[in-house]
Amino acid sequence: MIGKVLDRFVPQESVLHRFMREHLLVMLCRKAPVTMGAIVVMATLILVTLQPFTNPYLIWGWYFCVTILSLLRLFKAVSGCSGSVKPLDERYASFRKEALLMAVLWGAASFALYPQGEPLYEVLLVLSIVMIASASAANLAADRVIAEINIYLLLFPAAIRVMIVGDLFHAVLSVAIVLYALLLIMSIRQIGSLLQKGIRQHGELGELQSRMRMLLEQTPAGIFHCDTDLKIVECNRVFTEILGVSKEELIGLDLNGMKDRKLLDIMKRVLGEKRTLGYNGPYTSMLSGKKIWISATIAPLIGSEGELEGAIGVVEDKTREHEALERAEFLAYHDPLTSLPNRKLLGDRFDSQIAQAGRKGHYSALLFLDLDRFKHINDTYGHNIGDELLKESAARLLKVLRKSDTVCRLGGDEFIIFLPMISENLTESVNHTLLVSQKIHKTLAEPFYIEKHTLHVSTSIGAVMIGTRGESLDEVLRCADIAMYHAKRLGRGVTSFYEDFMDEQIKKSIRMEKELADAIEQGELKLYYQPIVDISTNEVVGAEALLRWEHPSGMTILPSEFIPVAEESHLIHRMGEWVINSVCLALKRWESDGRSIPPYVGINLSPKQLRYNGFFEQASGIIESCGIDPGKIKFEITENLLIEDSELARELIGRFKARGIGFIIDDFGTGYSSLSYLKKFEFEVIKIDKSFVGDILKDKGDIALVKAILDIAKQFNYRVIAEGVESREQREKLKELDPSILYQGYLYSRPLCEAEFLKLLEKTG
């Protein structure tokens, strides 16, 4: 009860600074054996001398209480000094209650044990209480309030009891006790004020140092401080872990001995120019030789009077991020099995070298190779043997080509060989291409010795001669593919050149352009919606709007057939406006009808739409006029757009993001340069192209690439959607790689018309 009363009128936090409470407890713990022993001795003396003059039950009860309380306080003090696990506030509250209870017991002795009529023993009792009060004042002076309350409880009851006797001697003694009490209180206030001030300043300094040390050690970046001579003065734990050496080895280390002169020059510039500089690049530790990739910011350390005291550096280990970027970029440009260039790198080289050949009037050629009966070998001997065969085939192909030629693995057992800048003469170019193809047939016809197996393969080759008209790689590959299958029909192991039949294709495109213009006017375009699902919860977290052309002939034409025509004829702007408007109206309609709606709907954008000068105003105007939440719309763009029009894309993405409209990278992995641009754009989601998901169960290269993409996505805090998930096995494999991934595909649902899509949402909740 005493503690509750005290807590109400003297809140613990207002009594003493936290550090002072801790300091006082430690001091009392150390003094406890002496102080508690003295109290027990004093109580024993009172018991022995006053027992004849007082009620025995009363004095023995009082003695028992004082002794038990003293032993209890002694036990707590000893255990507290040895390291109590109880919180400081709880320990200090217990100390206050016990101190006050002890004061009450001794104050009560003035009345309960007072030997009236025995002057000698009266003085002995009063003197004992005065001594207890003096000791309390000395020990508790740092806590002025508790000390003063102890004086009141100890001395004022004694003064009152002495005054009650009524004679002159006792009156004088009572006044003396009161005066002594007041003197003690004044002394306590003066001493306590000085103690509190000194301890508070010491405690605040200690707390500040402790806090700064805690911040230094727990900062998730390496921090170091060096003097003007570039010798390390202080560093934190993370810095030692980054460099792979102990703190003892680093303190006093002279950074002038760094092997990386570029970083050393930056640090010298920081000290010389007194300005902050940064460094991002490789670093080799002076002591451990550990090679890492770091991001460092070095700033001058300026004293209170403006003098240079050294420098402070913040260092982050970017090795994993850098390696992941390098690995992902390598996998984006190379086949992980053979390390040959892949389709993306081939496209890069093709575009630049064909442009150069066109300027110089040279012919080039492209060969499409397919290993005959490779599937039979794979099924018979296993995928490991098949992989080794592909790697050995790649090595042999490299040996028969010029350094300027490119060998690319397209996938499976298909290889592409690009022969740029052959000759200005067509006949010479054809003859050279034939010679290369003969060398290829010969080198691949030789036996392969793999793990005690002797394997024999042949290859069918489709060849396309490339003139000076700037043919696209896609078209050349299509023609070469046709020629390769013609070679297989001729009996395998031969080379077939492509024959031009493009006239019919051109006529077909012109016909489709006219029909597409009519389709927009006559409402033949329809929107379908494919759900996007959380792979762990199977919850619909979005949808992609997919365009279909319901042709009057009864056929449903996919975008891959009519979008290229729309882009060439500029119908893409009208079509894109119709799609955005239709999606927004549908969302508004669903919301008004109280239906379940997906968190967002993704809309595919053509690069030509983004290049349209008024596209931002057009799209944002539609969304605003429909009165829907802009966050319900996300635009999907292909990564190639980031390369072709990076500045335009960055500007538009920023403007749309300011309106709350997010962006998704579609078909990620099919472009060839987007990795270097990821940091520049504020995307929300990456979509892994379905071509990588399709063979994820059997193609190690696709697994490696998907892992790399997931790693990159985590580095940039992007969500990932896997496209084209068609089997439970594919879903489980993706879930194994990353349980936070999203997916879409026929496994969950095919693209649905609006009515079917709404039914699905209602069914799934």
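The values are calculated or read from the model by the stated rules, or taken from the named source; none is laboratory data. On a predicted model such as this, the values are computed, not experimentally measured, just so you know. Using ideal geometry, Cβ is built from the backbone for each residue, glycine included, and neighbour counts are taken over all protein chains shown. When the accessible area is computed, the model is the full protein with side chains, heavy atoms only, and any ligands, DNA or RNA have been set aside. Shrake-Rupley method; radii C 1.70, N 1.55, O 1.52, S 1.80 Å.
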Once every DSSP H run of n ≥ 4 in the chain is given -39500 (n - 2.57) and the sum is divided by its residues, what mean residue ellipticity at 222 nm do you get, rounded to the nearest 500 deg cm²/dmol? -19000 deg cm²/dmol
Relative contact order (percent) for the chain, with alpha-carbon contacts under 8 angstrom and 6 or more residues of separation? 7
Considering only H362, T276, I686, whose Cα is most displaced toward the positive end of the charge dipole of the chain, charges sitting on Cβ of Lys, Arg (+1) and Asp, Glu (-1)? T276
Return the label of the correct value of Cα Rg over 2.2 N^0.38 Å, as calculated from the structure shown, out of [x] 1.30; [y] 1.09; [z] 1.59. [z]
Sites excluded, GluC sites (Glu not before Pro) in DSSP loops with at most 15 other C-beta within 10 Å, longest stretch of the chain: 1-304
Relative to the chain, whose Cα atoms define the longest principal axis, helix 18-50 and its Cα axis are tilted in degrees, nearest 10, by 30
Compute the length gained on full extension between T297 and E118: take 0.36 nm times their separation in residues and subtract their Cα-Cα distance, giving the result in nm to one decimal. 56.1 nm
With a 1.4 Å probe and all protein chains left in place, how much of the accessible area of the chain comes from carbon and sulfur atoms, in whole percent? 55
Mind scanning K632/K680; K291/K399; K687/K763; K375/K439; K360/K680 and naming the pairs with a C-alpha gap bigger than 30 Å? K291/K399; K360/K680
Cα to Cα, under 27 Å, and not fewer than 8 places away if on the same chain: which lysines meet these conditions relative to K76? K4, K31, K86, K97
For the pair T556/A658, report the inter-label distance in nm, with labels modelled 7 Å from Cα in the Cβ direction. 4.1
Heavy-atom accessible area per residue, the chain, 1.4 Å probe: how many Å²? 50
Label-to-label distance, nm, for residues given as K290 and F75 (7 Å Cα→Cβ offset): 5.1
Please compute the modelled spin-label separation between S536 and E756, points set 7 Å along Cα→Cβ, answer in nm with one decimal. 3.1
So how much slack lies between K452 and E521, counting 0.36 nm per residue of separation and subtracting their Cα-Cα distance, in nm? 18.1 nm
What residues qualify as long-range amide H neighbours of E726, i.e. H under 5 Å apart, gap of 5 or more or another chain, H built at 1.01 Å from N? L747
Rounded to the nearest 10 degrees, the helix 426-445 long axis (Cα) sits at an angle to the longest Cα principal axis of the chain of 60
Potential lengthening between N256 and H570 on full extension [0.36 nm per residue; Cα-Cα distance subtracted]: 106.8 nm
DSSP loop chymotrypsin sites (Phe, Trp or Tyr not before Pro) in the stretch 32-122 with at most 14 other Cβ atoms within 10 Å of their Cβ, which ones? none
Less than 27 Å apart at the alpha-carbon level, and either on another chain or at least 8 residues along: which lysines does that give for K508? K526, K608
